[in-house]
Amino acid sequence: MNYANFISANFFHSNYKKIRSVWLITLSIVLIIGIMDISNLPSIITKALSALMGTIPFILIAILLIASLKASGAERIISKSFQGREINMIFLSTIVGGLAPFCSCEVIPFIASMLALGVPLSAVMAFWLSSPLIDPPALLITASALGWEFAIAKTLSALFLGLLGGFGIFIFSKMGLFSSPLKVMNNAQSCCSVKSFTNKTIWKFWQDKQRMQFFWSEFSSNGIFLLKWLTLAYLLEAIMIIYIPTQLIGSIVGGNGLFSIVVGAFIGVPAYLNSYAAPAVVSGLLEQGLSAGGALAFLVGGAISSIPAMTAVWSLVNRATFTAYLFFGLGGAIMCGIFFQIYAVTF
């Protein structure tokens with residue numbers, strides 16, 4: 001049996017019913033918009049496809065990495081390399097995440113690969129929370145639209161949330177929690193299969209027929225998994241961009257005090273804006289009366305815990321990990337907003 005027939009027989013046919021539901025949801029949403037508001041449908045599809053195409057290179061890198069390391073048996077080496085170095089990895093992941101130019105959806109393929117390869121959840125969470133918040137281009141854009149105080153505050157927020165989530169998971173893990181962060185599914189449904197070649201590492205795995213078959217199976221299943229969920233995620237993002245007006249957001253989050261900060265963090269979730277578009281919108285919200293703390297909470301909460309990102313995350317990890325992701329993301333956004341509001345009032 002050649003590789004193409006192997007994949008067809010062992011993945012597409014046996015798992016068709018398991019993967020079609022997400023595609024049907026995506027198609028149903030498109031059809032409903034086509035019936036209800038055909039004029040906006042081309043714009044929505046264009047935005048969704050444009051965002052998805054921008055993520056395709058990251059998906060390919062992630063699934064090639066997972067499939068190659070699993071087929072070669074090298075995941076055992078990678079997993080062992082983190083043993084005894086978890087605290088160092090939390091700091092490193094936070095810094096790397098702050099430099100990585102990924103939005104909350106683009107980071108998902110890398111989260112999947114890190115978890116599948118046995119990287120501790122604490123280090124993954126640190127990268128997960130810090131990456132969508134800031135990167136060098138976003139830093140300059142934020143400084144240009146909102147000033148350097150906001151840019152520096154957002155950078156410090158990224159580092160704070162990365163460390164908060166990383167060490168929070170580290171402490172809870174010592175209590176026996178989060179031992180299996182990925183959903184317990186078969187190879188067709190998740191980005192982490194149970195089969196691997198950890199007994200022996202063979203770097204030239206393409207010379208072994210069984211390992212090569214496993215490589216193609218991993219590549220196909222992981223690719224389709226990420227593609228179907230990110231397609232839905234970016235479709236939801238495009239819908240929110242089209243249908244949620246900035247004026248509505250301003251009327252909800254305006255005002256001062258703790259309430260404004262809390263609402264700013266939570267309203268940033270449905271009002272998803274990436275790190276490049278958000279500063280201009282927040283600038284307008286500040287003119288409408290939004291407090292400095294509420295503005296920062298809006299920036300942080302929306303970047304980390306957007307509905308599109310949550311859609312993809314929900315498909316990947318179990319409920320406990322998903323809850324921790326939201327807790328540290330939104331809770332951290334509120335804390336950062338409070339600290340920045342105190343700074344703004346004091347200085």
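Before moving on, here are some points about what is shown:
- Near Val317, the amide H atoms lying under 5 Å from its own belong to Lys183; only residues 5 or more places off or on other chains count, and H is placed 1.01 Å from N.
- Ranked Trp203, Trp229, criterion: other C-beta atoms within 10 Å, fewest first: Trp203, Trp229
- One chain, two ends: Thr46 and Leu24. Fully extended at 0.36 nm per residue, the span grows by 6.0 nm beyond their Cα-Cα distance.
- Rough spin-label spacing in nm, given labels placed 7 Å along Cα→Cβ, for Met175 and Gln210: 4.3
- Each of Glu86, Glu149, Glu287 was scored by other Cβ atoms within 10 Å of its Cβ. Listed from fewest to most, they are Glu287, Glu149, Glu86.
Values quoted throughout were computed directly from the atomic coordinates according to the rules given, and no laboratory measurement underlies them. Every value quoted in this text rests on a predicted model; they were computed, and no experiment measured them. Positions of Cβ are backbone-derived with ideal geometry, glycine not excepted, and every protein chain shown enters the neighbour counts.
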